[in-house]
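Colleague: Could you have a look at this structure, given as structure tokens, before my questions?
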């Protein structure tokens, strides 16, 4: 096969296509977004259906429907997205599938871009579903391809779990560019098994538990578990990308140690692992996050009364938090092998300069936050936030995000705060994509229960944080073709909200006026702050400072925190011409920009 330099996520997408993918659905979330982004580009020419769904639960249920009929389907999401999809996933484990169903769930040890470091392998064990843990993009591609057949043989969904490094590292990967997805010619067959009554669930639970044994035997025969023998009584068992760190660390240390790379961490392939344990006196287990493999190995060693000493997370040699790297793994192996004194002295580097994340220069969310801040002056308002780039509104000088929990929670937290402090203003911020993802139930709940809160939808016409994916309000679908526009304001009115306004946050005076009206309204109020993401907008005329008029009060810098403003004040080349600084300047010394 010809080789191409691909990200791990791109390789996974090609593996799904080579595996016969027929239906794909996803919701964007770093570090998983490029999986479906690649599938969306391939869908028109490769002959399969692909959609950005409104959330992960919907995506999984769409894919499940296709798999019920016998099609090969896949969903992709990040690890916290699996929380949203957990409801159908747990039931799917009992019901099973007919066609292959693959869940690509990207974990984020670190975390780099997530609320949590949660380990999807624990979810797989909880649900009783097999999970594949790739170490490289090439292996991730092969696992994605093989997962369909594994799913169909077992009659279960299969989880593919790349971590951030595997998802975003580049490698030359062999791909079949000629492959085309086979057209689906089957038909959904009605059967009582597709209706999960309690009586059926009780029977299927027995079946699910028995499938664990079948999965163990199938996984033992896969090429994804690799043993490298050495003349030593020491051994390392490493899962996923940890195995590549271990290989490099062993080379740098000059150690000869038995190494077993596990690509199928749950259920653990018993026979090959048992054979590996019997040759060792001491074993080190390397895996990022939770001791999923370690717990299974400890149980296996105990059941077979093996006198092997096991080191890992339970004796605190290996951390349970954070992302691994070669330097960390080298230290762990050196201590395990008793050669810590041979480690080279650490190079002490100067600390990197602080670079806190900030909203982009010209971001319309800055104007929206500022408008609400001015409107709420003197009210001691609470501002609940949500998941998106607008979470950065918590940073000074805006300081406009007091809470942030998970997708869609901002509205409900504001409603809860209202119940214990009805005299205090509660303002919930959420993005347009988040509104469709998880905001609607909270909005309905607020209206139904008469929560007098202000809901501000920051509508920048895209899903900006994860790569500018479309959503139901953008007027285009995953393939970039025209789609119906679902208007947020119309939805709010249909839900019974009496006060609904749409305003351009760049028009600061009007935005502040509307925000004050919303805060004063004696019931649920919705303000849609609509302005396209600055990264997608056409460049505007940059702002400029009239030095003769400038008072050097630095109010523009102190109020807005825009990275295009420098002390002086000066307008830097980062300016996108939004004109917000001109609107706040008390001397009229700044001109140019969007509204000039």
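The values are calculated or read from the model by the stated rules, or taken from the named source; none is laboratory data. These figures come from a predicted structure and were not determined experimentally. Glycine gets a Cβ as well: all are built from the backbone with ideal geometry, and neighbour counts include every protein chain shown.
Colleague: Name the residue, out of 70, 65, that is over 16 Å from the mean Cα position of the chain (by Cα) and assigned to a loop (DSSP other than H, G, I, E, B).
Modeller: 70
Colleague: For residue 201, only one of the following conditions fails: (1) farther than 24 Å from residue 70 by Cβ; (2) surrounded by fewer than 19 Cβ atoms within 10 Å (Cβ to Cβ). What is its number?
Modeller: Exception for residue 201: condition (1).
Colleague: Of the residues that sit in the stretch 44-61 and are touching a residue at least 60 places away in the same chain (Cβ under 8 Å) and in contact with a helix residue (DSSP H, G or I) (Cβ under 9 Å, 6 or more places away or on another chain), which one is farthest from residue 115 (Cα to Cα)?
Modeller: Among those that are touching a residue at least 60 places away in the same chain (Cβ under 8 Å) and in contact with a helix residue (DSSP H, G or I) (Cβ under 9 Å, 6 or more places away or on another chain), it is 46.
Colleague: Considering only the stretch 84-188, give the helices (runs of 4 or more DSSP H) lying wholly within it that have at least 1 residues that are buried (at least 24 other Cβ atoms within 10 Å of the Cβ) and over 18 Å from the mean Cα position of the chain (by Cα).
Modeller: Correct list: 137-154.
Colleague: Another one. Given the structure, is residue 317 assigned to a loop (DSSP other than H, G, I, E, B), touching a helix residue (DSSP H, G or I) at 6+ places or on another chain (Cβ under 8 Å) and under 22 Å from residue 254 (Cβ atoms)?
Modeller: Here the answer is yes, as residue 317 does meet what is asked.
Colleague: Something else now. Looking for something within 21 Å of residue 439 (Cβ to Cβ) and out of contact with any helix residue (DSSP H, G or I) (no Cβ under 7 Å at 6 or more places or on another chain) - is there at least one such residue anywhere in the stretch 531-542?
Modeller: yes
Colleague: Still on this structure, I have one more. Does residue 233 fit the bill of being surrounded by fewer than 20 Cβ atoms within 10 Å (Cβ to Cβ) and either free of Cβ contacts under 8 Å to residues at least 12 places away in the same chain or touching a helix residue (DSSP H, G or I) at 6+ places or on another chain (Cβ under 9 Å) (or both)?
Modeller: Criteria not met by residue 233.
Colleague: Identify, from the list 384, 403, 379, the residue that is more than 30 Å from residue 231 (Cα to Cα), free of Cβ contacts under 8 Å to residues at least 24 places away in the same chain and not assigned by TED's automatic domain parsing to the domain that holds residue 246.
Modeller: Matching residue, one of 384, 403, 379: 403.
Here's the yes/no breakdown for (1) modelled with pLDDT under 95; (2) over 30 Å from residue 411 (Cβ atoms); (3) outside the structural domain of residue 505 (by TED's automatic domain parsing); (4) exposed (fewer than 13 other Cβ atoms within 10 Å of the Cβ):
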{"site": "291", "(1), (2), (3), (4)": "no, yes, yes, no"}
{"site": "298", "(1), (2), (3), (4)": "no, yes, yes, no"}
{"site": "302", "(1), (2), (3), (4)": "no, yes, yes, yes"}
{"site": "305", "(1), (2), (3), (4)": "no, yes, yes, yes"}
{"site": "324", "(1), (2), (3), (4)": "no, yes, yes, no"}
{"site": "338", "(1), (2), (3), (4)": "yes, yes, yes, yes"}
{"site": "347", "(1), (2), (3), (4)": "yes, yes, yes, yes"}
{"site": "370", "(1), (2), (3), (4)": "no, no, no, no"}
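Colleague: Can you name the residue in the stretch 407-434 that is touching a helix residue (DSSP H, G or I) at 6+ places or on another chain (Cβ under 6 Å) and assigned to a helix (DSSP H, G or I) and is also surrounded by the most Cβ atoms within 10 Å (Cβ to Cβ) among such residues?
Modeller: The selected residue is 411.
Colleague: Can you list the helices (runs of 4 or more DSSP H) lying wholly within the stretch 485-596 that have 1 or more residues being without any contact (Cβ under 8 Å) to a residue 24 or more places away in the chain?
Modeller: 488-494, 508-520, 555-560
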